[in-house]
1. So what is the diffusion coefficient of segment A:141-222 in µm² per second by Stokes-Einstein at 37 °C and 0.692 mPa s, using a Kirkwood Rh over Cα pairs?
2. Using alpha carbons only, how many degrees (0 to 90, rounded to 10) separate the axis of helix A:141-162 from the longest principal axis of chain A?
3. If each DSSP helix of 4+ residues adds -39,500 (n - 2.57) and the sum is divided by the residues in chain B, what number results at 222 nm, nearest 500 deg cm²/dmol?
4. Among A:LEU202, A:LEU212, A:LEU46, which one shows the highest mean-square fluctuation when chain A is modelled as a Gaussian network with alpha-carbon springs under 10 Å?
5. Given axes a ≥ b ≥ c from the Cα gyration tensor, I'd like to know whether segment A:1-147 is rounded (a/c under 1.5), prolate (a/b larger than b/c) or oblate.
6. Arrange the following residues from fewest to most other Cβ atoms within 10 Å of their Cβ: A:MET88, B:MET179.
7. What net charge do the residues around B:LEU50 carry, taking every other residue with its C-beta under 10 Å from that of B:LEU50, with Lys and Arg at +1 and Asp and Glu at -1?
8. From other protein chains only, count the Cβ atoms within 10 Å of every residue's Cβ in B:72-78, then give the mean.
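Only the coordinates and a few stated rules stand behind these numbers; no lab work does. In this text the structure is predicted, and so the values were computed from the model without any measurement. Don't worry about glycine lacking a Cβ; one is built from the backbone with ideal geometry, like all the others, and counts go over all protein chains shown.
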Amino acid sequence: MPEIFVTVYDVFMRTYPGFLEATVVTLQLTAIGVILGTVIGLIFALMKISGSKILQTIANIYITIIRGTPLIVQIMFLYFGIVELYTMSNFWAGAIALGVHNGAYIAEIFRGSIQGIDPGQREASLSLGMDRRQTMSRIVFPQALRRSIPPLGNQFIITLKDSSLVYIIGVAEIFSLGNREAAQSYQPFESFLVVALYYLVLVMIFTFLLRLYENKLDVDRA
Amino acid sequence: MIIGENIHKSFGDLEVLKGVDLHVKPQEVVVLVGVSGSGKSTLLRCFNFLEMINEGKITIDGHTVNPKKDNLTKIRAEVGMVFQHFNLFPHKTVLENVIEAPITVKKMKKEQAKKLGMELLKKVGLEDKAGVYPSKLSGGQKQRVAIARSLAMQPKVMLFDEPTSALDPELVGEVLQVMKQLAEEGMTMVVVTHEMKFAKEVADRIIMIDEGRIIESADPKTFFENPKNERTKQFIQLVE
């Protein structure tokens with residue numbers, strides 16, 4: 001077997017207990033980033049389609065700022081900004097930064113799918129005597145959510161990989177551990193190869209689960 | 001049942017309805033005809049407040065509607081509407097489509113709504129399709145489900161906006177059959193359609209709309225055999 005496989009294997013076997021712990025941290029960051037991002041995204045999407053100029057402007061400002069600045073800057077900003085005001089662990093500062101960042105993108109995903117629903121659906125619902133709220137919650141939104149799932153899944157995968165950026169504020173996730181391992185072992189190539197493998201496997205598992213879910217939705221409808 | 005008085009409706013600078021007066025009596029079947037763009041569909045949509053009139057008055061079942069003050073959802077619940085493109089809810093089964101509004105609007109118990117839903121599906125000949133999703137139905141079947149869905153709210157009047165225009169020719173008959181049956185049962189109906197045979201057989205009155213105005217209103221025999229207006233004569237020649 002070529003030398004490189006042997007050394008990578010050695011690095012892997014030596015480091016996996018630590019990496020498994022770091023994987024849990026990465027998954028936690030991702031989960032919080034996604035859940036928080038979905039909640040924020042939904043709120044801002046509804047603000048954008050609300051018809052109220054004020055709410056639309058607030059949503060537009062938020063989305064413009066978040067999409068117009070790098071995530072790593074947002075993480076630093078939140079970390080140094082919020083930690084000044086409240087005592088907060090760097091884990092939570094990072095998780096919230098991921099959520100706030102995702103919220104802007106998810107808002108646009110939701111807005112796009114809600115506005116993509118045929119206006120006839122809304123008209124049919126109103127013509128049956130359902131009010132605006134019932135029409136949104138029972139007719140438009142369930143259909144929009146279905147359409148959101150593929151782009152949301154994509155966004156979740158981006159979040160998983162983006163969570164590596166919180167290494168900058170010292171959260172012990174996969175990348176951060178790999179970085180340390182590389183410095184300590186003088187084996188940067190092997191260490192980052194192992195890091196890459198962890199992300200790759202996680203993304204593949206995620207993609208597979210997502211596809212299963214999408215297929216199930218298709219089956220349900222057919 | 002529906003009284004429209006001096007109805008004006010504009011979209012931007014374009015005035016689509018220029019003072020329409022229409023009185024639909026209980027149990028009457030009124031067919032609206034006219035070339036496309038004449039305003040007949042807009043008039044129908046005004047009766048269901050999917051479009052808001054700019055001027056004039058609409059009275060439904062003795063109540064003159066004030067769109068600013070009245071609860072429009074309540075009024076819409078009493079006026080059924082069937083659309084050209086069916087607009088069935090694709091994420092719900094046929095039965096769920098039918099029972100959605102009775103459950104959410106009328107707060108009907110699910111069991112009772114299901115019973116009503118199945119009766120209505122039987123009426124339109126689709127009780128065997130109760131559990132399937134709309135994507136599995138033909139256009140004619142979809143439109144019959146849409147009619148059942150509308151009937152589930154027990155409306156006082158039914159509006160049909162070109163209900164067969166999106167259908168393959170061989171599927172038109174099954175939908176018209178259901179509509180004919182409804183008319184025979186005494187449902188008040190306003191129908192926008194290009195089906196002249198249906199108009200002749202079922203309508204009590206045919207109304208010709210041209211450039212936002214009513215130019216002819218007569219029983220089918222008079223309408224086709226002895227129209228007064230020159231534009232109506234041209235229209236009849238075109239469609240026959």
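1. 223
2. 20
3. -11500 deg cm²/dmol
4. It is A:LEU212.
5. Prolate, since a/c reaches 1.5 and a/b exceeds b/c.
6. Fewest to most other Cβ atoms nearby, the residues stand as A:MET88, B:MET179.
7. Once positives and negatives cancel, what remains is 0.
8. 4
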